[in-house]
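Just below is one structure, and these are the notes that go with it.
The values are calculated or read from the model by the stated rules, or taken from the named source; none is laboratory data. Please read these numbers as outputs of a predicted model, since none were measured by experiment. Counting neighbours? That spans all protein chains shown, and the Cβs are built from the backbone with ideal geometry, glycine included. The protein model used for the area step is the full one, side chains on, heavy atoms only, and it has no ligands, DNA or RNA in it. Shrake-Rupley method; radii C 1.70, N 1.55, O 1.52, S 1.80 Å.
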Amino acid sequence: MEDSESQLPSDQDQTPEPLLSSLDIFLFSLVAGLLIYWFFFRKKPEPVLDIKPFHAVPPPITESSFIEKMKKTNRNIVVFYGSQTGTAEEFANRLAKDAHRYGMKGMAADPEEYDMSELSRLKEIPNSMAVFCMATYGEGDPTDNAQEFYDWMQGADDDLEGVNFAVFGLGNKTYEHYNAMGKYTDKKLAELGGKRVFDLGLGDDDSNLEEDFISWKEQFWPAVCEFFGVEATGEDSSIRQFELVVHNDINMNQVYTGEMGRLKSFQTQKPPFDSKNPFLSPVTVNRKLNKGGNRHLMHIELNITDSKIRYDAGDHVAVYPTNDAAVVNRIGERLGIDLDTVISLKNLDEECNKKHPFPCPTTYRTALTHYLDVNNTPRTNALYQSWVLDSERNILAILEDLPSLNPPIDHLCELLPRLQARYYSIASSSKVYATSIHICAVVIEYTTKTGRVFKGVATNWLKNKEVTDNGHKHTVPMYVRRSQFRLPFKPSNPIIMIGPGTGIAPFMGFIQERAWQKEQGKDVGETILFFGCRHKNEDFLYQEELEKFEREGVLTQLSVAFSRDQEHKIYVQHLLKKNKEQLWKLIHLNNAHIYVCGDARNMARDVHAAFYEIAEEVGGLTHTQAVDYFKKLMTKGRYSQDVWS
């Protein structure tokens, strides 16, 4: 599934001063930001001391009209973001902040919080424009927070004449529907009469999303200046967006300890459960799936009894991991700070809806453990491509390899990206397992070019979630995200599933559900699985279960490609070609549905190519006709993908 901001599960910067031309470039990389702060503001600003007891303040009433808010706060630029992992939101904040340099005043806005049908009123504000930073999620889908805006656009017939706009899309070229949301937003706003101030920008996360954004932005602002007849003021925006408040005397019951939204929500759980209110699910099963090899593939079961959480086979489960405590402690030691200091980072822009970069008040330890991504390489521009990205240095590695770099910890907390939920295809059917959700995953661990061992945050965290630990039950903060990856409405439709490795996950749920349908006396069509792994005796995942389903007639065909059990590697696409006549008949004559799950960069493309060949060789189509044929199947919902890069 495409998450153009950073793929899931995604695990997300000194150079001498003359290499950089302006403060603007510094803001584009974490290392550069830290260094310029260190070089020019070496004396750490005195934090605002708050020695009074902390009293919880009820949240302000949110203004649902962005037009009225812009008028009240004298803004003329609004930057909306459709963001799943936080990158589009960060880009929107940077654009809104940049407006100050051109004599304008901007604000970043979450479309979910406002009435987007008011977009036509933007012309009421002189010299105004709306910018959209739109990420694409899944198979060309909008992000969760942009779903309502997308729905509005689909049915809108508003007159946007006089409304100025520009769009930057965040996508990943390894996916079929590259940057679909950015392209759709740009096209739809123009169709409604909006005035495109600057060309659509397309960022590619498979290459360098940060660099794409910088290149677009460097051309965007001159175009805006020319359009509105303004010039750059020469003023730089403040390098800081938040100020530090240290709470020396505070009731610890009013301090966040890892909650995503409501304070104490982990102690008093209340449905409904979602991204802001995850359910603490007890781990009831955690077993290793592979019999050998140097990898660790695992099956985990999460108990959702009494949570009122519902799911369907094919949905995704989102889990909120925590960073390794040892890494957090090493950051604290390296910077010489007390990790248990209670702090808040308060937005210097009092009118901004986003009051804090993460839940506050909290401790540095909690922020670095629960809220900030300290494990992955920071986003950076091309200048640091080799040293940061190619060598996979995370923030701790950067601090360790640059001993002269001593950024204030609060500035580090402001600049680091948020630690995001990780999404996994659910490996079970609620028809069979109504009170549990199953996960199938491989633990990420390898050695980088610097000799350090990189460990994936979520998979290593899950691996250590034993069922019981001296009587203590381990829990996982989670919620369910709905998917379009669905079994056919009619059980009699044949299904063809292709899922090597952990791509088997959603198909375990599909097969379980087909078995349940069969038990209910329903007419169940052919159920065919093409699975792939390295060695039959090492990583044939769920072998016993799959062979049992085959014996019982639930799986009418189980074809497995053991890629390394012979001299020449065999993959799932090779097995598809071997079964070309049968597959073409099922697809062309019997209304079969095709499902592909796994690697987007290679496997999904090779499977596409195999189906094109089958259509050409057996169906007699030209290559162009074959491509069109399967595109139509996708449109009809008969060719579905759940893929990642």
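Values as computed for the structure displayed
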| quantity | calculated |
| --- | --- |
| Long-range tail of P(r) for the range 66-228 (Cα pairs > 28 Å, %) | 12 |
| Rounded to whole Hz, the Karplus (6.51, -1.76, 1.60) HN-Hα couplings of the range 419-434, x for glycine and proline | 6, 9, 5, 9, 9, 10, 5, 5, 9, 7, 10, 5, 5, 9, 10, 5 |
| Partners for Lys270 among aspartates and glutamates (Cα-Cα distance below 20 Å; same-chain residues under 8 apart left out) | Glu259, Asp306 |
| The range 324-419 - Debye-derived log10 I(q)/I(0), Cα point model, q = 0.22 Å⁻¹ | -1.17 |
| Isotropic mean projected area of the C-alpha convex hull, the range 162-282 (nm²) | 13.9 |
| Nearest-20 debye value, the chain charge dipole, Cβ charges on Lys, Arg, Asp, Glu | 1440 |
| Principal semi-axes in Å for the chain [√(5λ), Cα gyration tensor, largest first] | 43, 31, 24 |
| Theoretical ellipticity at 222 nm over the chain - DSSP helices of four or more residues, -39500 (n - 2.57) apiece, nearest 500 | -8000 deg cm²/dmol |
| For Met181, solvent-accessible area (1.4 Å; no DNA, RNA or ligand), Å² | 0 |
| Exposure of Trp152 as accessible area (Å², to 10), given a probe of 1.4 Å and all protein chains | 50 |
| Accessible-area value, Glu231, 1.4 Å probe, nucleic acids and ligands omitted, Å² | 150 |
| The range 432-549 pair-distance distribution - Cα-Cα, 5 Å bins, rounded % | 2, 8, 14, 17, 18, 15, 12, 8, 4, 2, 1, 0 |
| Relative packing of peptides 564-575, 401-412, 77-88 - highest average C-beta neighbours within 10 Å first | 77-88, 401-412, 564-575 |
| Kirkwood hydrodynamic radius of the range 495-643, from inverse mean 1/r over distinct Cα pairs, in Å | 15.8 |
| Listed residue (Thr73, Ala515, Ala130) projecting farthest to the positive dipole end of the chain, Cβ model | Ala515 |
| Nearby lysines by direct alpha-carbon distance to Lys183 (threshold 26 angstrom, same-chain neighbours under 8 apart not counted) | Lys97, Lys123, Lys173, Lys195, Lys217, Lys631, Lys632, Lys636 |
| Dipole magnitude of the range 72-231, debye to nearest 20 (Cβ charges: Lys/Arg +1, Asp/Glu -1, about Cα centre) | 760 |
| By average C-beta atoms within 10 angstrom, highest first, the peptides 364-371, 580-587 | 364-371, 580-587 |
| List Val246, Val618, ordered by accessible area with a 1.4 Å probe, largest first | Val618, Val246 |
| Carbon + sulfur, % of accessible area of the chain - ligands and nucleic acids excluded, 1.4 Å | 48 |
| Separation of alpha-carbon centers, the range 441-486 and the range 117-139, rounded to whole Å | 38 |
| Hz values of 3J(HN,Hα) by residue in the range 616-632 - Karplus curve (6.51, -1.76, 1.60), Gly and Pro given as x | 6, 6, 9, x, x, 8, 6, 4, 4, 5, 5, 4, 5, 4, 7, 5, 5 |
| Dimensions in Å of the range 396-449 - Rg and Dmax from alpha carbons | 19.5, 58 |
| Projected area averaged over orientations for the range 227-276, convex hull of C-alpha atoms, nm² | 7.9 |
| Å² of accessible area per residue within the chain, as computed with a 1.4 Å probe and no ligands counted | 43 |
